[in-house]
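*Asks:* Shown below is the structure under consideration.
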Amino acid sequence: MIPVPYDPQLEPGLAACRDLIEGIPLRADTILANRAHFATLVPPVEEVIGDRPVEYAHRTVPGPAGAPDVELTVLSPRGGARDAPGLYGIHGGGMILGNRLFGVAGLVEDVLAYGAVAVTVEYRLAPEHPAPAAAEDCYAGLVWFAEHAAALGVDPARIVVGGASAGGGLSAAVALMARDRGGPALAGQILDCPMLDDRNDTVSSRQYDGIGIWDRNNNDTAWTALLGSRRGTAEVSPYAAPARAGDLSGLPPAYVSVGAAEVFRDEAVDYATRIWEAGGAAELHVWAGGYHGFTGFSPDTEVSRSAVAARESWMRRVLGTAGRSG
């Protein structure tokens, strides 16, 4: 299939990203090697914060029943917060790579922009820990966050869960779990280039087979690590692959953002469409020429600035705060 072309302004960032993360093809027998390389790309939280007025604390909280405790990092404005928005961040990495400090730079920016308290969660990775371990860890951390909102200076009615790639898929899963289990009442869910469907059979997944920084082959590797022989069968839970959910009603407002030139485009569009079909609230943005994760690696381009501005607008509306532009 002919792929959608990349925005020319994004191509230098895409090339730089390839140089940074590529080396060992991501296959079943190279997951650990890729994980080790990925870890070298994640700076310490102290380095990310620098001299900005943000404080952090590492917390160990109860995990799912019968499972290990869960590690969290809490980021808050220096001097504390009161009735602040709460942001619950879930990192990407295909559910096989990364740690809770991957993507923490974006949470630091949100703490500064919205006076928010942000939490990022460490979840168990596949294949050592198959689904639904990751989603259950993320949900356990969210429950702790909501239960301790007042002590953290957070308004429990203004907690948003969000993440990119695998983090977007897990955010969708956590929103489903909260709905089904009568858990925390989320104000919103941010699904950025979300990894939602284990079947990997959309047009966009076939357009980006061997192309891009997260292609169809990487996606196959990750989903198979997560689900094993269950992959592609009726046994797959919506908490593992949210696209499998038959009912998308009763969910918190969703912000769905994806590049037009990436593997997850069609499943993201379908998920937003099905939320609308169920009478729910979703805001969908498909960015022309955008590759997977383009705003992080090509921040100074016109399309990235537009994508960031759209997310900030949605955040201000959902959180009821002036934010950066106030």
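*Asks:* Taking all protein chains in place and a 1.4 Å probe, what share, in percent, of the accessible surface of the chain do carbon and sulfur account for?
*Replies:* After summing per-atom areas, the C and S share lands at 55 percent.
*Asks:* Oh, and also: Show the residues, 5+ positions off or on another chain, whose built amide H is closer than 5 Å to the amide H of ALA84.
*Replies:* Excluding prolines and chain starts, which carry no amide H, the hits are VAL154, ASP155.
*Asks:* Still on this structure, I have one more. Which of rounded, prolate or oblate describes the stretch 1-136 when judged by the alpha-carbon gyration tensor and an a/c cut-off of 1.5?
*Replies:* Because a/c hits 1.5 or more and a/b fails to exceed b/c, the stretch 1-136 counts as oblate.
*Asks:* Kindly point out which whole DSSP H helices in the chain project their C-alpha atoms 20 angstrom or further along the helix axis while averaging a Kyte-Doolittle hydropathy of 0.5 or above.
*Replies:* Counting only whole DSSP H runs, the qualifying helices are 133-147, 166-180.
*Asks:* In terms of modelled amide H atoms, which long-range or inter-chain residues lie less than 5 Å from the amide H of GLY92?
*Replies:* ALA164, GLY167
*Asks:* Ok, one more. Show log10 I(q)/I(0) for the stretch 60-110 at q = 0.17, 0.18, 0.29, 0.30 Å⁻¹, two decimals, from a solvent-free Debye sum over equal Cα scatterers.
*Replies:* Calculated log10 I(q)/I(0) at the listed q: -0.69, -0.75, -1.20, -1.21.
*Asks:* What number, in percent, do you get for the relative contact order of the chain if the mean sequence gap of Cα pairs under 8 Å and at least 6 apart is divided by its residue count?
*Replies:* 19 percent.
*Asks:* How large is the direction-averaged shadow of the alpha-carbon convex hull of the stretch 20-82, in nm²?
*Replies:* 7.2
*Asks:* If I histogram all Cα-Cα distances within the stretch 201-326 using bins 10 Å wide from 0, what percent of pairs lands in each bin?
*Replies:* In whole percents, the pair-distance histogram is 12, 34, 37, 15, 2, 0.
*Asks:* Given 10 Å bins starting at zero, what is the percent of C-alpha pairs of the stretch 173-219 in each, up to the one with the largest pair distance?
*Replies:* 22, 37, 23, 17, 0
*Asks:* A further question follows. If you project the alpha carbons of the stretch 99-181 onto the principal axes, what extent comes out on each, in Å, largest first?
*Replies:* Cα spread of the stretch 99-181 along its principal axes, largest to smallest: 37, 29, 18 Å.
*Asks:* Report the convex hull volume per residue for the stretch 67-210, counting only C-alpha atoms, in Å³.
*Replies:* Enclosed volume per residue, from the Cα hull, is 118 Å³.
*Asks:* Right, something else. How large is the helix-only mean residue ellipticity at 222 nm for the chain, computed as the sum of -39500 (n - 2.57) over DSSP H runs with n ≥ 4, divided by its residue count, in deg cm²/dmol to the nearest 500?
*Replies:* Counting only the DSSP helices, I get -11000 deg cm²/dmol.
*Asks:* Turning to a different aspect of this structure: Once the principal axes of the Cα atoms of the stretch 166-261 are found, what is the range along each, listed largest first in whole angstroms?
*Replies:* For the stretch 166-261, the Cα spread along each principal axis is 41, 30, 18 Å.
*Asks:* Evaluate 2.2 N^0.38 Å with N set to the residue count of the chain, then give the Cα radius of gyration divided by it.
*Replies:* Relative to the 2.2 N^0.38 Å estimate, the chain comes out at 0.92.
*Asks:* Counting DSSP beta bridges with both partners in the stretch 33-122, what percentage is antiparallel, nearest 5?
*Replies:* Of all bridge pairs located within the stretch 33-122, approximately 70 percent are antiparallel.
*Asks:* Considering the stretch 144-204, what Rg and Dmax in Å follow from its alpha-carbon atoms?
*Replies:* 13.6, 47
*Asks:* While we're on this one: With a 1.4 Å probe and every protein chain left in place, work out the accessible area per residue of the chain in Å², rounded to a whole number.
*Replies:* Ligands and nucleic acids excluded, the result is 40 Å² per residue.
The values are calculated or read from the model by the stated rules, or taken from the named source; none is laboratory data. Just so it is clear, the structure is predicted and the values come from calculations on it, not from any experiment. The protein model used for the area step is the full one, side chains on, heavy atoms only, and it has no ligands, DNA or RNA in it. Shrake-Rupley method; radii C 1.70, N 1.55, O 1.52, S 1.80 Å.
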